[in-house]
Every structure is written in C-alpha cells, then in structure tokens.
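Structure first, then comments.
Since every read-out is calculated from the coordinates, none of them should be taken as a lab result. Because the structure is a prediction, the values reported are computed rather than measured. Methodologically, a virtual Cβ is constructed for each residue, glycine included, from the backbone with ideal geometry; neighbour enumeration extends over all protein chains shown.
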Amino acid sequence: AQSVTQLGSHVSVSEGALVLLRCNYSSSVPPYLFWYVQYPNQGLQLLLKYTSAATLVKGINGFEAEFKKSETSFHLTKPSAHMSDAAEYFCAVSRAGTALIFGKGTTLSVSS
Amino acid sequence: GAVVSQHPSRVICKSGTSVKIECRSLDFQATTMFWYRQFPKKSLMLMATSNEGSKATYEQGVEKDKFLINHASLTLSTLTVTSAHPEDSSFYICSARDSGIVTDTQYFGPGTRLTVL
C-alpha cells in the first residue's frame, strides 16, 4: 500500500523567507510523487511531479522538490516566499495509472 | 496543458433529490477517471475509479448505490449523488488520466461544491 505523511499541518513564514513543506512517503514500488496547491474554493493545481527521472524537480512559481529514496522524502521548497504563496499544499503518491493518494495537507501562511 | 472541466461548479439541492456532476476531458481521451471527495479543511479522499465502458471500482466505505458513476465515453464521466442528504455536502473533484505513453499524467477538474439543504 502507498501513503504519504505531511509533517506539520500549518507552516508560517515571513515574506522573503525560505519555504519548506515536508512530505514522507511509503511505497512498495518506485513511486510517482506530486505536489499540488489549492487556493480557497478552487481545484488543485499541479506544482511539480517526480516520475523516476531527475531527483531534483523544478516546478512552477519557483518551487522545487528533491526525491530522496534513502529518506523516503519529497520535501517542497521555495527560496523566498511571496504573499501569493499562502494556500493549502498537498503531497501525493501514486503508481503509474493509478489514483493519487493524498497527504492531509499543509496550510502555508505568509506574513508581511 | 490538458484541461478537465466539471459541471456544475456549484449546486444546491434539497434533501432527497439526486444530483449529477459531469467530468469532461476537453482535449484528450481518458479511459480512466477518478472521483475524489474533499471535506472542509481536509484532504482529498478517493471515492472511486471510473473506467470507460466498464463498472466503476469503489473504495472501501463508499456506497456504490448512492454514488452512481457512469463512464460512457472516453471524454465523459458522471457522478450522480442519489437521494442526497446534508451529510453528502462536500467538494467533489474529478481527475482524468491521459494515458499517452509519454505522459501518463492525471489532470484535475476545478471541483463541484455540493450543498444539500
């Protein structure tokens, strides 16, 4: 079975500070890993995905994530937070062709 | 990129009525679509996997007679909430799988907010 654990349901940063959202996964097969962002009352927007190619994945809006098999982690980072980054972030895991299994989400707050 | 639409975006209905939600892949064929449910401030829960031309596969605990899924074409899946009750109020999101060899990517619809009075 596959699962993801997002450490920290709420992360607060100041504008311009580093953003680090943590995600650990469990999978018996090589996983596909994803990060999505959701703004209030909206659907999901894909930030980035890992599908067994480069371990450092660059996504949209300056986000990136690194797949670390030894740590079973796929943490999301952004060097400098913007106010517009405040949203709900979901880490997800899947195998090819299967549904995504989502973590519980992390709310990112950005203060000025 | 690929687009998935959902209709309606919002629906309010009376308890006991049925509501149909459509999920369409606009520029690709999707043999597989997935239906998720999201409660307020909660994660997405997979409800069922919809396969074109065959019966949907439901996750444990999801009532298949209450949440009817039909995937009659390669671009359309529908979710019908039958005899809706207030506890069915939720945000329903579909995703469609682009099974092209290169991508095998899933694209999410914008979601449907269901409120049952």
note = Here Rg/Rh (Cα, Kirkwood) for the protein assembly as shown equals 0.97
query = How about the range A:55-93: which trypsin sites (Lys or Arg not before Pro) there lie in a loop by DSSP and see at most 12 other Cβ atoms within 10 Å?
reply = A:Lys69
note = Taking a straight Cα-to-Cα line shorter than 15 Å from B:Lys41, and setting aside same-chain aspartates and glutamates fewer than 8 residues away, one finds A:Glu88
message = For chain B, which cysteines have no second Cys with its Cβ under 4.7 Å from theirs?
response = B:Cys13
query = Going by average Cβ neighbours within 10 Å, how do the peptides A:38-44, B:60-66 rank, with the highest at the top?
reply = A:38-44, B:60-66
query = So for chain A, taking the charge dipole from beta-carbon charges (+1 Lys/Arg, -1 Asp/Glu), which of A:Ser111, A:Ala1, A:Thr72 sits furthest toward the positive end?
reply = A:Ala1
request  = For the range B:22-117, just the Cα atoms, rotate onto the principal axes and tell me the three extents in Å, largest first.
outcome  = 42, 27, 23
ask   = Using Cα pairs under 8 angstrom and six or more residues apart, how large is the relative contact order of chain B, in percent?
value = 36
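Can you give the Rg/Rh ratio of the range A:1-84, where Rg is from the C-alpha atoms and Rh is the Kirkwood radius?
0.96
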